[in-house]
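A short worksheet on the structure shown next.
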Amino acid sequence: MRSRWIALMARIGSVLLVIGAVLALAAVTPPAPTGYSSSTGTSLRPGIYYANPFTRVYSASAGLRLVTSANGSLILYLIEAEYQEFSSWARSWIDHNFPDLDENRKVISTYNSTVLEAYVDAHPEEVLLEVEISGDGTTDYFPGSPTNITAFLSNPSEAWIDLDLRMAGISGLVPRERVTIPTTVLIIAGTILTLPWIAGKVRL
Amino acid sequence: MSGRPFLEILSSVAGEEYRFPILEVFAALFALGTLVLAGAFGSTGHFAGTEEGAAFALVNSLTGLPVMVLVVLMLKNIAYGLGNDLESGVIRTYLSYPLRRSSLLSARLVSSIGIGLLLFLGISLLALVITSTETILSQPVPVALCYLGALCYPLLIVALVLLLTLVMGRGGPTLLVGILLYFASGILTSLLGFLGAALGSGLPLRVFAVIRPDIALQRHYTTGMFADDLWVPTLAEAVTYTALGYLLVALVFAVAYLYFSRRLET
């Protein structure tokens, strides 16, 4: 009877090991571009930000890749909002705080980094990522759930910064950070359950 | 029901049906199929209009390939496994156990269907938890209904194949019938959709939805994909079709149990 239980545990263990191995394989499979991408090259004045107006829905499996090349330090913000929502908030913020500006100045002021910072201060829950980037770099981001994301790059320095930016959708089989714990648990549990059976075979 | 003989038979049947590495291969197929589909769904990002629709579409996209694998596994166990036992007379050995015939069939079905279902649901839910925890927690109803809808027709096929295998006493032809029924339903769904559109009536689809309630659920949740005037059921209607579908499944299983208990000659 005991040997039957050991055999049953071993089979459950081997199944857990297989599932753990498949999860590990899926986790190490690198994200791949999904077809769409957009590229832009621009020079950012001091205290100005650049926003990609094409907000898209991203998810835990369908992420966003930003390939940046800049000759200075920029702050990258990924914000959980439609660009139009941000834009109308920025306009009303300027109307409220600088009511005396003429129409042209208001439009130009919309692109000031201070407006972006005010938005971030007012909506901290919408800030998914805030990192400093410089030189050449790649940033991959997968949100936890299906989300609208707009990318902003702000120039906080006193100098002009040339920026080349390529944005692309990327797809991963599973979000790596979410798979690590279940994979480890499955592999450890699987190994523990199969050990008595293996030990019995070795003794024989 | 005497526990020990039941477990003896369950253990014997499971040992035969899931010889190493059959169980492990199917576990890998379920896991790979589910995770690859989860990735593919994420990359296309085609979310339905409502949150319920998005949750339903997500689960629906994950179940396609793994359900096909599950059908293959269950048909192999019922038509091939039970069919062989009937043909070779192994079933007579099981009938010599101090166990009612219905309990014997239950032990057989727990192994042939239950283990596969458990594996499928376990892996599918694990993949959902990993990729879309928030979706499952916020939309449990469409998630549960999607699984119920997706499994209803496969279970009906398995029940029919079980009954046919018992009546014919062999599994070869019934395996073929099962495979044909599974693939024919896809073709029939498209044909009935065209027929309904041509007649301007949702009646053909309504009738077919009794055996394929996933059609009613899909048409309820996936807004914008279907012509509204043809047939878009309410949630209550879709749930009723699901209940009717399972009633039919239960009926066919009940007939199989009755046949096995009273009519089967070994």
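Which residue, B:TYR94, B:LEU151, A:ILE79, has the largest displacement toward the positive end of the dipole of the protein assembly as shown when charges sit on each Cβ (Lys, Arg +1; Asp, Glu -1)? Selected residue: B:TYR94. Compactness check for region B:160-203: Cα Rg over 2.2 N^0.38 Å is 1.63.
Measure nothing but the geometry: give the 0 to 90° angle between the long axis through the Cα atoms of A:2-28 and the longest principal axis through the Cα atoms of chain A, rounded to 10°. Helix A:2-28 sits at roughly 20 degrees to that axis. Seen from B:GLY116, the other residues with C-beta closer than 12 Å to its C-beta sum to a net charge of 0, counting Lys and Arg as +1 and Asp and Glu as -1. Only one residue of A:LEU101, A:VAL67, A:THR194 has its Cα farthest out toward the positive end of the dipole of the protein assembly as shown, where Lys and Arg carry +1 and Asp and Glu -1 on Cβ, and that residue is A:THR194.
The helix-only estimate of mean residue ellipticity at 222 nm for chain A, built from DSSP H runs of length n ≥ 4 each weighted as -39500 (n - 2.57), is -14500 deg cm²/dmol after division by the residue total. Computed over region B:3-262, relative contact order equals 25 percent, with contacts defined as Cα pairs under 8 Å that lie 6+ residues apart.
Extending each Cα 7 Å along its Cβ direction at A:ARG166 and B:THR240, get the distance between those two points in nm, one decimal. Label at A:ARG166, label at B:THR240, 5.7 nm between them.
Taking the Cα centre of the protein assembly as shown as reference, the dipole from Cβ charges on Lys and Arg (+1) and Asp and Glu (-1) amounts to some 3220 debye. A Förster radius of 22 Å combined with the Cβ-Cβ distance from A:GLU117 to A:ARG91 puts the calculated FRET efficiency at roughly 0.85. Karplus-derived 3J(HN,Hα) values for region B:103-120, using 6.51 cos²θ - 1.76 cosθ + 1.60 with θ = phi - 60°, are 5, 4, 5, 4, 4, 4, 6, 4, 6, 5, 10, x, 5, x, 4, 4, 5, 4 Hz; glycine and proline are entered as x.
Once the Cβ-Cβ distance of A:LEU129 and A:VAL28 is raised to the sixth power relative to R0 = 22 Å, the FRET efficiency obtained is 0.45. When chain B is treated as a GNM with alpha-carbon contacts under 10 Å, the residue of B:LEU151, B:LEU137, B:LEU176 showing the greatest mean-square fluctuation is B:LEU137. For a modelled paramagnetic label at B:VAL255, 7 Å from Cα along Cα-to-Cβ, the residues of region B:108-131 in reach, with backbone nitrogen under 20 Å, are B:109. According to the Cα-based calculation, Rg over Rh for the protein assembly as shown is 1.10, with Rh computed by the Kirkwood formula. Based on the convex hull around the alpha carbon atoms, region A:86-204 presents an average projected area of 12.6 nm². Its Cα centre serving as origin, region B:3-262 has a Cβ charge dipole (Lys and Arg +1, Asp and Glu -1) of approximately 900 debye. Legend: mean number of C-beta atoms from other chains within 10 angstrom of residue C-beta atoms, peptide A:13-19, equals 6. Among B:PHE20, B:PHE56, B:PHE30, which one shows the highest mean-square fluctuation when chain B is modelled as a Gaussian network with alpha-carbon springs under 10 Å? Residue with maximal mean-square fluctuation among B:PHE20, B:PHE56, B:PHE30: B:PHE20.
Counting only other chain Cβ atoms within 10 Å of each residue's Cβ, the peptide B:115-127 averages 2. Taking every C-alpha pair closer than 8 Å and separated by at least 6 residues, the mean separation divided by the residue count of chain A gives a relative contact order of 47 percent.
Taking a ≥ b ≥ c as the square roots of the eigenvalues of the Cα gyration tensor, region A:121-160 is classed as oblate, since a/c reaches at least 1.5 and a/b does not exceed b/c. Computed from Cα positions, the angle between helix B:22-44 and the longest principal axis of chain B comes to roughly 0 degrees.
A dipole drawn for the protein assembly as shown from +1 and -1 charges on Cβ atoms has a positive end, and of A:ILE149, B:ALA28, A:GLY41 the residue lying farthest that way is B:ALA28. Protection proxy ranking of B:184-191, A:98-105, B:63-70, by the mean of other Cβ atoms within 10 Å over each peptide's residues and highest first, is B:63-70, B:184-191, A:98-105. Counting only alpha carbon atoms, the long axis of helix B:51-75 and the longest principal axis of chain B meet at about 30°.
Mean-square fluctuations from a GNM of chain B, with a 10 angstrom spring cutoff on Cα atoms, peak among B:VAL141, B:VAL161, B:VAL177 at B:VAL141. Scaling against 2.2 N^0.38 Å puts the C-alpha radius of gyration of chain B at 1.08. The mean number of partner chain beta-carbon atoms within 10 angstrom of a residue's beta-carbon across peptide A:177-183 is 2.
Quick note: the coordinates plus some simple rules give every number you see, no bench work behind them. These numbers come from a predicted model, not from an experiment. As a convention, Cβ positions derive from the backbone with ideal geometry for all residues, glycine included, and neighbour counts pool all protein chains shown.
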